[in-house]
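Remarks on the structure that follows.
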Amino acid sequence: MGFRRHGPFQAGDQVQLTDPKNKRHTITLKEDGVFHTQKGAIPHSELIGQPEGSVVRSSGGTQYLAFRHLLQDYTLAMPRGAAVIYPKDASMIVGMADIFPGARVIEAGVGSGALTCFLLRAVGPEGHVTSYERREEFADVARKNVQKFFADPMDDNWRLVVGDLVASIDEVDVDRVILDMLAPWECVDAAAKALTPGGVICCYVATTTQMSKTVEAIRDHGCFTEPHAWETLVRDWHVEGLAVRPDHRMIGHTGFLVSARRMADGVTPPPRRRRPKGTTEEL
């Protein structure tokens with residue numbers, strides 16, 4: 001599974017060209033292809049056979065830096081049917097939900113397939129991802145985006161189901177359940193039945209109201225540990241010699257993440273202990 005990650009460029013490779021203003025263009029190399037811009041044309045033949053990190057010049061004299069695109073670049077540029085989970089949140093899901101090689105993962109709410117690409121990359125060829133999407137038009141966009149990135153059918157480790165998770169789920173003993181939908185609290189029981197003890201549920205929601213309802217649903221279900229809720233903020237820095245400062249813009253709120261672990265069957269979670277109201281003494 002996956003497209004070529006190293007070596008000289010070949011026909012069929014997806015290549016990202018970056019101009020001096022950091023504007024990026026993604027092209028698929030063809031033997032007789034030509035990349036046209038307002039700054040001139042670049043025959044694909046000038047890229048084929050060159051190593052990654054090469055510089056090519058358009059007929060208008062503009063230089064472009066050529067690399068195979070990173071997954072984060074691809075997901076930001078992919079065609080969209082629905083909003084994508086941004087790389088900062090997708091990477092946190094992969095890391096904090098501990099998506100490991102060989103894992104069996106369910107995701108519900110495929111959107112445009114961005115998170116699916118991250119999950120498939122993380123589980124590797126020995127793992128499996130089942131994706132549930134209610135809307136067929138979104139599923140079609142996601143299927144094309146995922147198959148374009150990995151450049152093969154991936155029938156062995158990816159299954160895309162058009163339908164509702166609660167009504168359609170048939171997996172058991174899965175390692176992770178990732179929910180990206182308007183009402184993930186409606187799927188908590190289905191997730192609990194599918195997860196193996198020790199498995200992780202991770203929900204992506206946009207608002208504090210959704211986060212609150214999700215946390216309470218997981219907490220009240222009785223099969224999960226105390227849910228953990230958080231968000232990630234990303235701020236770039238400008239560095240020019242001794243002029244070091246944070247950028248004026250940053251990637252702020254995109255969504256909240258809520259996660260918890262599946263306990264063993266028949267086990268009651270320990271009661272939560274809270275500080276007495278009006279005190280700061282630890283219990």
Considering each of Lys148, Lys193 in turn, give the residue that is of a type in the set (Lys, Arg) and at pLDDT 95 or above.
Lys193
Looking only at region 177-221, which residues are under 22 Å from Ala83 (Cα atoms), open to solvent by less than 30 Å² (accessible area, probe 1.4 Å) and assigned to a strand (DSSP E or B)?
Val177, Ile178, Leu179, Ile201, Cys202, Cys203, Tyr204, Val205
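Any chance you could count how many residues in region 147-176 are open to solvent by less than 30 Å² (accessible area, probe 1.4 Å), within 17 Å of Leu195 (Cβ to Cβ) and either in a loop (DSSP other than H, G, I, E, B) or of a type in the set (Phe, Trp, Tyr) (or both)?
We begin by selecting, within region 147-176, every residue open to solvent by less than 30 Å² (accessible area, probe 1.4 Å); these are 149-150, 154, 157-158, 161, 163, 165, 171, 174, 176.
Retained after the next criterion (residues that are within 17 Å of Leu195 (Cβ to Cβ)): 165, 171, 174, 176.
Keeping just the survivors that are either in a loop (DSSP other than H, G, I, E, B) or of a type in the set (Phe, Trp, Tyr) (or both) gives 171.
Going through region 147-176 one residue at a time, the tally reaches 1.
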Cβ-Cβ distance below 8 Å, separation of 6 or more or different chains: which pairs start in region 23-44 with a residue that is touching a residue at least 24 places away in the same chain (Cβ under 8 Å) and end on one that is part of a helix (DSSP H, G or I) and surrounded by 12 or more Cβ atoms within 10 Å (Cβ to Cβ)?
Arg24/Asp73; Arg24/Ala77; Thr26/Asp73; Thr26/Tyr74; Thr26/Ala77
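Evaluate the following for Gly40: is it small (Gly, Ala, Ser) and either modelled with pLDDT of 95 or more or within 30 Å of Pro101 (Cα to Cα) (or both)? Step through it out loud before you land on a result.
Details: small (Gly, Ala, Ser): yes; either modelled with pLDDT of 95 or more or within 30 Å of Pro101 (Cα to Cα) (or both): no.
Criteria not met by Gly40.
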Are any residues in region 18-62 farther than 30 Å from Ser91 by Cβ and either open to solvent by 90 Å² or more (accessible area, probe 1.4 Å) or in contact with a helix residue (DSSP H, G or I) (Cβ under 6 Å, 6 or more places away or on another chain) (or both), and if so, which ones?
Lys30, Glu31, Asp32, Gly33, His36, Gln38, Val56, Arg57, Ser59
I'd like to verify a number: residues in region 226-237 that are more than 11 Å from Asp89 (Cβ to Cβ), touching a strand residue (DSSP E or B) at 6+ places or on another chain (Cβ under 6 Å) and either acidic (Asp, Glu) or modelled with pLDDT under 95 (or both), how many?
2
Kindly indicate the residue of region 73-82 that is closer than 14 Å to Val15 by Cα and not hydroxyl-bearing (Ser, Thr, Tyr) and also least open to solvent (accessible area, probe 1.4 Å) among those meeting that condition.
Met78
Pick from region 18-38 the residues that are within 26 Å of the chain's Cα centre (by Cα) and in a loop (DSSP other than H, G, I, E, B): which of them is farthest from Phe149 (Cα to Cα)?
Asn22
Being hydrophobic (A, V, I, L, M, F, W, C), at pLDDT 95 or above and assigned to a loop (DSSP other than H, G, I, E, B) is the filter; apply it to region 98-124 and report the residue that is farthest from His253 (Cα to Cα).
Ala103
Which one of these does Asp98 not meet: (1) open to solvent by 50 Å² or more (accessible area, probe 1.4 Å); (2) on the phi < 0 side of the Ramachandran plot?
(2)
Can we say Lys144 is open to solvent by 70 Å² or more (accessible area, probe 1.4 Å) and either touching a residue at least 40 places away in the same chain (Cβ under 8 Å) or in contact with a strand residue (DSSP E or B) (Cβ under 8 Å, 6 or more places away or on another chain) (or both)?
yes
Reported set for region 63-85 where residues are among the aromatic types (Phe, Trp, Tyr) and either in a loop (DSSP other than H, G, I, E, B) or in contact with a helix residue (DSSP H, G or I) (Cβ under 6 Å, 6 or more places away or on another chain) (or both) is Tyr74
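Residues to consider are Ile85, Ile93; find the one that is surrounded by 20 or more Cβ atoms within 10 Å (Cβ to Cβ), β-branched (Val, Ile, Thr) and more than 25 Å from Asp173 (Cα to Cα).
Numbers: Ile93 fails: more than 25 Å from Asp173 (Cα to Cα).
The conditions single out Ile85.
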Are any of the residues in region 110-131 in contact with a strand residue (DSSP E or B) (Cβ under 8 Å, 6 or more places away or on another chain) and basic (Lys, Arg)?
no
I'm told Val94 meets every condition in (1) free of Cβ contacts under 8 Å to residues at least 60 places away in the same chain; (2) farther than 19 Å from Cys202 by Cα except one. Can you identify the failing condition by its number?
(2)
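The values are calculated or read from the model by the stated rules, or taken from the named source; none is laboratory data. Nothing here was measured: the structure is a model prediction, and the numbers come from that model. Reconstructed Cβ throughout: ideal geometry from the backbone, glycine too, with neighbour counts over all protein chains shown. Calculation scope for accessible area: heavy atoms of the full protein, side chains included, ligands and nucleic acids excluded. Shrake-Rupley method; radii C 1.70, N 1.55, O 1.52, S 1.80 Å.
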